[in-house]
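The next block holds one structure in the form of structure tokens; read it before the comments.
The values are calculated or read from the model by the stated rules, or taken from the named source; none is laboratory data. Predicted, not measured: the structure shown is a model, and the values here were computed from it. Cβ placement follows ideal geometry from the backbone for every residue including glycine, while neighbour counts extend to all protein chains displayed. Heavy atoms of the whole protein, side chains included, go into the accessibility calculation; ligands, DNA and RNA do not. Shrake-Rupley method; radii C 1.70, N 1.55, O 1.52, S 1.80 Å.
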Amino acid sequence: MNPLRLIRDAVIRYRRTRGFGVHSPFAYGFITQVLGCRYPFYCWDDLEAEVRDAGKIRWRDTRALFRTLNQMSPSVVYVAPGDAAGVKRVIEKWSGSCKITADSGEASFLILGDEAPEDVDSVIEGGKTVFFTTVKNPMWKRLNAAMKRGQTFTNSVTGIVICNEKLPRHYFEISY
């Protein structure tokens, strides 16, 4: 890849992570206050040790998942079977009352790894939030191509899709 393009992309990603050039109020708040927040939560020390030992997900992505759960406050969460180890610990630390389900149809928040349990249209029509532990999941590309409204955020490893008809269509590459 062209080294100048890598430098340019890094500068653009740095600026977007700080909120520069983000015109959607929801996206600006989500990027700066949720994904860009550097303050620790009450359970970081305990959670870090557990997730590093048990899960496939990186610690920085675990923090992003915890903050996204905190922002969206879902009552029912679907966790893909392959990512259950570390991710379930994050959900339990976040909320003891959040229900973890095996049925992706009833959940408003989906956490997906390599597997894609639903078709794209049901996710978009259901107005769901999807946290991808890897953007190599084929559903990530299909969802980005099919969405007409809503916003996506990625750091090139993980991705977050917010399917909301009230949000304009934007794709953000940022660091979190």
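What is the packing order of peptides 98-106, 152-160, taking the mean over residues of other C-beta atoms within 10 Å and listing the highest first?
On the way: 98-106: 13.0, 152-160: 19.7.
With the highest mean Cβ count within 10 Å placed first, the list reads 152-160, 98-106.
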As straight-line cross-link partners of residue 148, the qualifying lysines (C-alpha separation under 29 Å, not fewer than 8 residues apart within one chain) are 128, 136, 166
Cα gyration tensor of segment 67-113 diagonalised, 5x eigenvalues square-rooted, in angstrom largest first, produces semi-axes 14, 13, 9
Given the candidates 2, 40, 137, the one whose Cα lies deepest towards the positive end of the charge dipole of the chain, counting +1 at each Lys or Arg C-beta and -1 at each Asp or Glu C-beta, is 2
Magnitude of the Cβ-charge dipole (Lys and Arg +1, Asp and Glu -1) of the chain about the Cα centre, nearest 20 debye, reported as 940 debye
Simple spin-label estimate for residue 71/residue 171, 7 Å along Cα→Cβ, in nm, reads 1.9 nm
Fraction of alpha-carbon pairs in segment 1-99 farther than 20 Å apart, rounded to whole percent, equals 49 percent
The percentage of the accessible area of the chain (probe 1.4 Å, all protein chains present) made up of carbon and sulfur atoms, to the nearest whole number, is 52 percent
Counting all Cα-Cα pairs in the chain, those more than 27 Å apart amount in percent to 23 percent
Binned at 5 Å starting from 0, the alpha-carbon pair-distance distribution of segment 96-136 in whole percents comes out as 6, 21, 33, 26, 10, 3, 0
So the compactness index of segment 83-155, its C-alpha Rg divided by 2.2 N^0.38 Å, takes the value 1.11
Taking 165-174, 7-16 and ranking on average Cβ neighbours within 10 Å, highest first, one gets 165-174, 7-16
Taking a straight Cα-to-Cα line shorter than 18 Å from residue 88, and setting aside same-chain lysines fewer than 8 residues away, one finds 56, 99
Note: probe point = Cα of residue 5 + 7 Å toward Cβ; backbone nitrogen < 17 Å; residues of segment 121-157 passing the test are 156
Taking the alpha-carbon centre of each part, the distance from segment 1-53 to segment 138-153 in Å is 19 Å
The chain accessible area per residue, 1.4 Å probe, protein heavy atoms, integer Å², reads 52 Å²
Place a point 7 Å from the Cα of residue 28 in the direction of its beta carbon; the residues of segment 133-176 whose amide N falls under 12 Å from it are none
